[in-house]
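The values are calculated or read from the model by the stated rules, or taken from the named source; none is laboratory data. All values derive from a computational prediction rather than experimental measurement. When we count neighbours, we look across all protein chains shown, and the Cβ atoms used for this are built from the backbone with ideal geometry, even at glycine. The accessibility values were calculated without ligands, DNA or RNA, using every heavy atom of the protein model including side chains. Shrake-Rupley method; radii C 1.70, N 1.55, O 1.52, S 1.80 Å.
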Amino acid sequence: MKKLIFTLSTFALMATAANAQYCGGSGTSVCVPEPATGTPGLTPYLDSLPCVIKGVAVDQLIKFENFSQFVAFGQNLTINTFKIDSIGNLPAGLCWKTNKANNTFNGGESGCIRVTGTTTAASGQYKLRILMSATTTPSVPISNQNAETLASLRYYVRVNCPGVTC
């Protein structure tokens, strides 16, 4: 019995840790997306946030524009909806939230992700793992896919100690 309780507790702790970086809750972040330009991608600096200093509170925005069409699995697809399922490998102590309560956007729509918190992570460059799902025409199942693998979108967070330049 003790072994079962320990095993269940361990799984509960792991599940909590895996989801600890999403700080969305029931509301949305206070960020305003840029108007759509027709050029999908992530900003600022195309692929990384400004340097995050260990032990210093951060409140930074990642702005993005969703694809309206793209090629995946050898097919030309129209994006109906796009959902950010999770963002992995965010440095410890930081969390993320979008401007939509359900993290779901229409094809071609702009959005933003607010990253907040105070990191305790080691200095280094953290390549984020943005997992997404989409509904498409024609209907192709896209669920919990890595944005880098699917659409060549990658993003980094750089962490450094106080007084050290990134």
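The table below gives the values:
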item	result
Residue 166 accessible area, assembled protein chains, probe 1.4 Å, Å²	70
Surface share of carbon and sulfur [accessible, 1.4 angstrom probe, percent] for the range 19-166	53
Counted charge near residue 155, where neighbours are those whose Cβ lies closer than 9 Å (Asp, Glu -1; Lys, Arg +1)	0
Total lysine pairs whose alpha carbons fall under 19 Å of each other in the range 28-102 (8 or more apart, or interchain)	5
Amide H contacts under 5 Å for residue 126, placed H, 5+ residues apart	157, 158, 159
Estimated FRET transfer efficiency (residue 116, residue 34; beta-carbon r; R0 25 Å; 0.05)	0.80
Mean Cα-pair separation over length for the range 80-166, i.e. relative contact order, pairs under 8 Å, 6 or more apart, %	33
Ranking by accessible area, most exposed first, for 53, 113 with a 1.4 Å probe	53, 113
Around residue 33: net Lys/Arg minus Asp/Glu count, Cβ-Cβ under 9 Å	-2
Estimated inter-spin distance, residue 152 and residue 89, nm [label 7 Å along Cα→Cβ]	1.9
Listed residues 135, 37 arranged by accessible area, highest first, probe 1.4 Å	37, 135
Amide H contacts under 5 Å for residue 67, placed H, 5+ residues apart	108
Exposure rank, largest accessible area first [82, 73, 67; 1.4 Å]	73, 67, 82
